[in-house]
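Notes for the one structure printed next.
The values are calculated or read from the model by the stated rules, or taken from the named source; none is laboratory data. All figures in this text were calculated on a predicted structure; none of them were measured in a lab. Heads up, the Cβs are rebuilt from the backbone with ideal geometry, glycines too, and the neighbour counts pull from every protein chain shown.
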Amino acid sequence: MGFWKKLFSRKKKEEYIEEIEESAESEALHRDQVDLKDQSQRQRYVKSCLEQLADAESEMETLRREYGAVTSYLTDMEEIEALPPAERKELSAIADKITAYEREKHLYEDGKTRMPEAQFRQLERMEEEIAEGIKKLTEAEEYQEKIRQDMRRLSAEKHAYQYRKHDLSNVMVNMRGMMIITSFAFVTCMAILLLLQALLEMDIGIGYILTAAATAFAVFLIYMKYTESAKEKRQVERAINRLILLQNRVKIRYVNNTNLLDYLYVKYSAQSAEELSGLWEAYQTEKEERQKVKELHAELDFHRGELLRFLRRFQIKDPEIWLRQTEAITNPKEMVEIRHGLILRRQKLRRQMEYNERIAESAQGEIKSLVEEFPAYAPEIMEMVSQYENRGD
């Protein structure tokens with residue numbers, strides 16, 4: 001039941017991430033939403049493209065390093081599995097001896113363990129990475145909350161501006177209606193005054209003056225209100241465009257950070273930094289207690305050295321790590337489980353790399369397109385690109 005619940009939860013999370021990715025790409029501020037003749041809007045748009053490119057390239061550099069490490073580990077596994085039968089048999093014999101001595105040593109620990117053996121072994125394999133992993137998870141979770149707050153704030157601000165834009169549009173429509181009503185009232189008053197003058201021969205000069213003055217004053221007020229509303233509406237539209245740019249960048253960061261968190265949760269088999277910290281403390285206590293009862297056997301040291309020498313003969317890049325997982329050498333099921341975990345990590349890394357490659361290619365393509373389609377702005381755009389490139393030196 002727990003497995004299916006976790007699988008369903010992960011599937012929902014992946015679907016949500018894909019939705020955010022699509023949203024970030026589909027709701028991006030397109031060129032037709034920007035007045036490229038306006039220097040400030042043009043520069044802000046180009047800067048946004050460059051910032052997206054910088055974020056994607058920075059993320060890619062980190063991902064490539066991690067991807068290389070995981071790939072190297074998988075390559076070592078393939079090298080071991082591809083050994084000739086005689087050498088594989090010799091290696092299995094060495095691994096069996098190490099495993100046997102380790103099991104004998106663990107007999108002293110029966111009844112004193114505080115965590116499952118598989119979990120202890122996993123933490124032991126990643127011992128050097130856990131402290132850094134807790135730090136990364138804590139920072140990523142805190143950053144995730146900040147991003148969510150930014151997304152909520154930007155969304156609320158955009159809705160407020162859109163509501164204001166709607167109000168201003170209604171005001172402008174109302175002012176046009178008031179202008180029509182005022183014009184109609186002026187014509188009606190003038191007609192009445194003309195009738196009074198013609199039929200009753202009244203002196204209505206003052207009436208003409210008052211009507212004209214009232215009409216002029218009303219038209220002036222309506223014009224001022226309409227002009228102010230139009231000006232404010234343009235400002236609101238520029239603010240909405242700016243918020244779309246910010247929202248798109250925040251969504252991209254949210255996708256990258258969520259993917260990073262999901263990868264770290266899989267890598268460390270924890271659902272939060274707090275859980276991993278608790279596991280780490282339990283592991284350290286467990287390790288100290290095991291160390292008290294652990295007897296080092298000369299045979300175990302000898303066979304471990306023999307294993308290292310054997311693996312180095314076959315150009316295994318990281319032979320030391322196999323000292324902590326000799327059972328995987330003789331147990332195909334254990335090897336499959338380790339490989340599955342590595343492949344899952346690499347798939348997630350590849351997905352992140354592909355996403356950031358799309359972001360980088362999109363930003364580069366947009367900048368190139370701007371230079372080609374608007375040659376008059378090409379020097380200015382290339383200068384911004386040059387400043388962006390020099391900033392990384």
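Would you confirm, using the coordinates I've provided, whether Lys47 is over 20 Å from Gln387 (Cβ atoms) and in a helix (DSSP H, G or I)?
Details: over 20 Å from Gln387 (Cβ atoms): no; in a helix (DSSP H, G or I): yes.
No: the conditions fail for Lys47.
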The lone exception for Leu83 - which of (1) surrounded by 15 or more Cβ atoms within 10 Å (Cβ to Cβ); (2) assigned to a helix (DSSP H, G or I); (3) modelled with pLDDT of 85 or more it fails: (2)
Pairs, first on the phi < 0 side of the Ramachandran plot in region 56-85, second at pLDDT 85 or above and polar (S, T, N, Q), C-beta under 6 Å, six or more apart: Ala56/Asn356; Glu59/Asn256; Glu59/Asn356; Met60/Asn356; Leu63/Gln352
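Quick one: which helices (runs of 4 or more DSSP H) sit completely within region 306-393 and have at least 1 residues that are within 24 Å of Val266 (Cβ to Cβ) and among the hydroxyl-bearing types (Ser, Thr, Tyr)? First the steps, then the outcome.
Numbers: elements: 326-330, 332-373, 378-391.
Here the list reads 332-373.
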Ile209, sole failed condition from (1) surrounded by 11 or more Cβ atoms within 10 Å (Cβ to Cβ); (2) part of a helix (DSSP H, G or I): (1)
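Suppose we filter Leu91, Leu107 for residues that are modelled with pLDDT of 85 or more, part of a helix (DSSP H, G or I) and not assigned by TED's automatic domain parsing to the domain that holds Gly341; which single one remains?
Values: Leu107 fails: modelled with pLDDT of 85 or more.
From the options Leu91, Leu107, the qualifying one is Leu91.
Mind telling me which of the residues Glu232, Glu237, Glu275 ends up being without any contact (Cβ under 8 Å) to a residue 40 or more places away in the chain and acidic (Asp, Glu)?
Details: Glu232 fails: without any contact (Cβ under 8 Å) to a residue 40 or more places away in the chain; Glu237 fails: without any contact (Cβ under 8 Å) to a residue 40 or more places away in the chain.
One residue alone meets the criteria, Glu275.
Would you be able to tell me the number of residues in region 309-341 that are charged (D, E, K, R) and either in contact (Cβ under 8 Å) with a residue 60 or more places away in the chain or within 20 Å of Met126 (Cβ to Cβ) (or both)?
The initial filter retains those residues of region 309-341 that are charged (D, E, K, R), namely 309, 312-313, 317-318, 320, 324, 327, 333-334, 337, 339.
Retained after the next criterion (residues that are either in contact (Cβ under 8 Å) with a residue 60 or more places away in the chain or within 20 Å of Met126 (Cβ to Cβ) (or both)): 317-318, 320, 324, 327, 334, 337, 339.
Qualifying residue count for the region: 8.
Quick test for you: out of Glu275, Glu281, pick the one residue that is loosely packed, with under 13 Cβ neighbours inside 10 Å and closer than 28 Å to Asn259 by Cα. Can you show your working first?
Working: Glu275 fails: loosely packed, with under 13 Cβ neighbours inside 10 Å.
Step by step, each of Glu275, Glu281 is checked, and only Glu281 is loosely packed, with under 13 Cβ neighbours inside 10 Å and closer than 28 Å to Asn259 by Cα.
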Residue under evaluation Thr326, criteria (1) farther than 15 Å from Lys89 by Cα; (2) surrounded by 16 or more Cβ atoms within 10 Å (Cβ to Cβ), criterion not met: (1)
Qualifying residues in region 331-361 (those that are of a type in the set (S, T, N, Q) and in contact with a Leu (Cβ under 9 Å, 6 or more places away or on another chain)) - the one surrounded by the most Cβ atoms within 10 Å (Cβ to Cβ): Asn356
Residue satisfying all of: in region 284-300; surrounded by 12 or more Cβ atoms within 10 Å (Cβ to Cβ) and charged (D, E, K, R); modelled with the lowest pLDDT among these: Lys294
